[in-house]
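Below is one structure, written out as structure tokens; the observations come after it.
The numbers here are math on the coordinates, done by the rules we state, and not lab data. These figures come from a predicted structure and were not determined experimentally. Note that each Cβ is placed from the backbone with ideal geometry, even for glycine, and that neighbours are counted across all protein chains shown.
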């Protein structure tokens with residue numbers, strides 16, 4: 001196994017996690033993971049999907065820790081993306097790490113939900129499935145007995161991908177909007193019960209040695225730039241959250257400036273945001289500061305960070 005990463009990154013990871021853990025990470029970076037997907041319960045059921053897989057001799061394994069999640073053993077990601085189960089929206093190809101944040105939101109049928117950085121729609125469509133298929137009125141209307149989901153994306157190309165995902169997945173309960181989430185609090189202050197801030201990051205947890213694009217643009221300067229954007233997004237998220245509401249913050253990076261350091265900044269800036277204990281249904285994780293969790297890259301899942309906070313005033 002040849003390590004193609006910048007030495008500066010290797011040194012950072014080694015200092016952060018130790019040489020033994022980094023050696024295991026590099027094994028994960030060097031070998032592709034088995035494809036994983038979740039069944040879209042808006043369009044199908046686990047049983048129907050499993051019957052189809054059996055009929056076509058597609059070898060699968062249920063991921064017992066995560067509802068509706070499966071590993072596939074004898075097909076590639078590309079083959080699955082082209083399969084009718086995926087093109088019809090009955091399944092959605094998604095990494096196991098990516099499936100975790102919506103599960104930590106404790107969603108209720110009447111909740112007003114904000115997905116702060118929604119494209120391409122992986123977690124948004126998962127939220128829609130968890131919420132069920134009830135129609136979602138405009139957030140401005142209020143007074144509805146049904147839950148409401150607003151998905152924000154400021155990049156036009158990514159916004160179109162979000163719309164496409166929601167359409168294929170049948171997530172009709174979601175109101176998708178092309179706009180700047182850092183300014184949303186001016187329009188919708190204290191409007192949401194639950195907010196997912198799965199923010200843009202330096203993506204260290206998604207490195208693949210075989211894909212130079214996954215680490216080509218890594219630098220400490222890039223980490224600092226992402227941290228600045230994350231702070232702006234979190235300021236807006238806190239202002240958009242109702243008193244008593246819950247914020248789930250997640251990244252697919254390992255950089256402490258964007259992870260536990262960001263939570264340190266958040267509770268320093270907003271002392272009424274109180275960390276909540278989280279437990280994630282995957283192995284190979286470590287508890288980090290302020291009740292957050294870092295999932296180390298492994299053969300099972302990408303590297304990942306998640307924290308949960310409640311607004312107490």
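Here are a few things to note about the model shown:
- Build a GNM of the chain with springs between Cα atoms under 10 Å apart, and of 227, 57, 203 the one that fluctuates most is 57.
- FRET E, pair residue 146, residue 24, Förster distance 45 Å, beta-carbon r, rounded to 0.05: 0.50
- Diffusion coefficient, µm² s⁻¹, Stokes-Einstein with Kirkwood Rh over alpha-carbon pairs of the chain at 20 °C and 1.002 mPa s: 107 µm²/s
- Spin-label pair residue 10-residue 74: with each label point 7 Å from Cα along the Cα-Cβ axis, the two points sit 3.9 nm from one another.
- Approximating the spin labels as points 7 Å out from Cα along Cα→Cβ, the residue 274-to-residue 56 distance works out to 4.9 nm.
- Projected onto planes of every orientation and averaged, the convex hull of the alpha-carbon atoms in the stretch 104-236 covers 8.8 nm².
- Sequence-distant contacts, meaning Cα pairs under 8 Å at least 6 residues apart, place the relative contact order of the stretch 77-128 at 32 percent.
- Cβ-Cβ FRET estimate between residue 220 and residue 264, R0 fixed at 25 Å, reported to 0.05: 0.85
- Selected from 65, 56, 190 as most flexible by GNM, with the chain as the system and alpha-carbon contacts under 10 Å: 56
- Neighbour-count ranking [beta-carbon atoms within 10 angstrom, fewest first] of 14, 87: 87, 14
- MRE, 222 nm, helices only [DSSP H, n ≥ 4, -39500 (n - 2.57), over the chain, to nearest 500]: -10000 deg cm²/dmol
- 15 Å tail of the calculated P(r), the stretch 1-83, as % of Cα pairs: 67 percent
- Here is the size of the stretch 36-94 from its Cα atoms: Rg then Dmax, 10.1, 27 Å.
- When peptides 44-55, 19-30, 110-121 are ranked by their average number of other Cβ atoms within 10 Å per residue, the highest-first order is 110-121, 19-30, 44-55.
- Computed over the stretch 36-94, relative contact order equals 47 percent, with contacts defined as Cα pairs under 8 Å that lie 6+ residues apart.
- With contacts taken as Cα pairs under 8 Å at a separation of at least 6 residues, the chain carries a relative contact order of 18 percent.
- Label-to-label distance, nm, for residues given as residue 172 and residue 312 (7 Å Cα→Cβ offset): 4.3 nm
- Förster radius 25 Å - calculated FRET efficiency between residue 188 and residue 164 (Cβ-Cβ, nearest 0.05): 0.50
- Choice from 128, 237, 59 with maximal GNM fluctuation in the chain (Cα, 10 Å cutoff): 59
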